[in-house]
Each structure stands twice: as structure tokens, then as C-alpha cells.
1. Test of understanding: what is the full-extension gain from residue 89 to residue 105, defined as 0.36 nm times their sequence separation minus their Cα-Cα distance?
2. Heavy atoms of the protein only, probe of 1.4 Å, neighbouring chains included. What is the accessible area of residue 111 in Å², nearest 10?
3. Give me the net charge for the shell around residue 91: Cβ to Cβ below 15 angstrom, other residues only, Lys and Arg +1, Asp and Glu -1.
4. For a Förster distance of 35 Å, can you work out the FRET efficiency between the beta-carbons of residue 158 and residue 55, rounded to the nearest 0.05?
5. Would you mind working out the accessible area per residue for region 20-137, using a 1.4 Å probe, and quoting it in Å²?
Amino acid sequence: MKRSLAIVSLVILTALLGASPASAAKPLREFLPNSDAVIEGACDFPVAVTVLENNEFSTTFFKDGNVTRVLVTGRLVVELTNVDTGESLVANISGPGIFTFTTDTTLLKTEGQWLLVFFPGDLGEGEPGQIWLTSGQFVVEFSEEGQRLLEAHGTFKNVCLLLG
């Protein structure tokens, strides 16, 4: 899968590794650990993501022992920093959002505020990478071919421009 997964999706997938198929009868609610990271390749400079406050939880739903969807709720506040210049901003990216899994794709439907990461080409042929702080409803599809923005109902701020 292309490296263009949103940061949060990486955290979700990590959390799923601990999800047990024995939990098939009922949803599994767990604290969602988030850790500091550096995003490279989306902007012309590395962007450090520092977790300031984390009270997020994932609720994982199963069908026939397989994960079908993951609901992400709770508070998450991060600081985003241009590693080259030290310019930074604080963002509440608490969502909520839901990941829906099928055989070939994963859909992410966000509501509220989220951080979405797009690498060059993810938003269309020849388009540069961007990191978005979103507010509203956005739907992103992840597949073997990469990621596609399917819907955007709301506003976004381009972090690369804000910190550049």
C-alpha cells in the first residue's frame, strides 16, 4: 500500500493488531495511543507532530471474526512544527471519524476536525503533497493504488502553507 495513509490511519491499524477475533460477539473499545512523529514528503519541509493531549478511544466492530469498522472518538490535540524553521501551530484534531474496511479498500469518513496527509500525486496527477487541518465531513479511500479524496464538505487549512 502506498505510504500516503493519513497519520491517524497508521495509529488505527496499529491498534487493530491488538484486536482479537474472539471479540467478534461485541465491539471492542480501547484507549488509542498516539505518539509523536515526523511527516516527511508531504510538505517541502519535515513536519513534527507532537501530541499535547490524548484522550482518544477506538471502538472496533467485528463480523465473522473480521474487523469491519473502527470508530475513533475522544480528544486529541497536537502541535505541528516546521522542523526547518521552528514555526508551529496547535491543532485540536479530535474528530470523530470512522474507518470502514472491505476486501480491497478502507474508507475514512471524518467529521469535526482531523489531520489528513496527502503525498505528491494523491490529490491528482502532478499535485503537490499537502497536510490538511479539516473541519467538516471528508471521505478518503485507501487502496493498493494509493488514496483518493472522495468527498469534501467543510473547510481545510493547508499546514504546508501555514508553516512554510
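The values are calculated or read from the model by the stated rules, or taken from the named source; none is laboratory data. Not measured: the values here are computed from a predicted model. Quick reminder, even Gly has a Cβ in these numbers, built from the backbone with ideal geometry, and neighbours come from all protein chains shown. Please note that ligands, DNA and RNA were not included when accessible areas were found on the heavy atoms of the full protein model with its side chains. Shrake-Rupley method; radii C 1.70, N 1.55, O 1.52, S 1.80 Å.
1. In short, 2.5 nm is gained.
2. Accessible area of residue 111: about 80 Å².
3. Result for the local shell: -3.
4. Computed FRET efficiency for residue 158 and residue 55: 0.80.
5. The answer is 49 Å² per residue.
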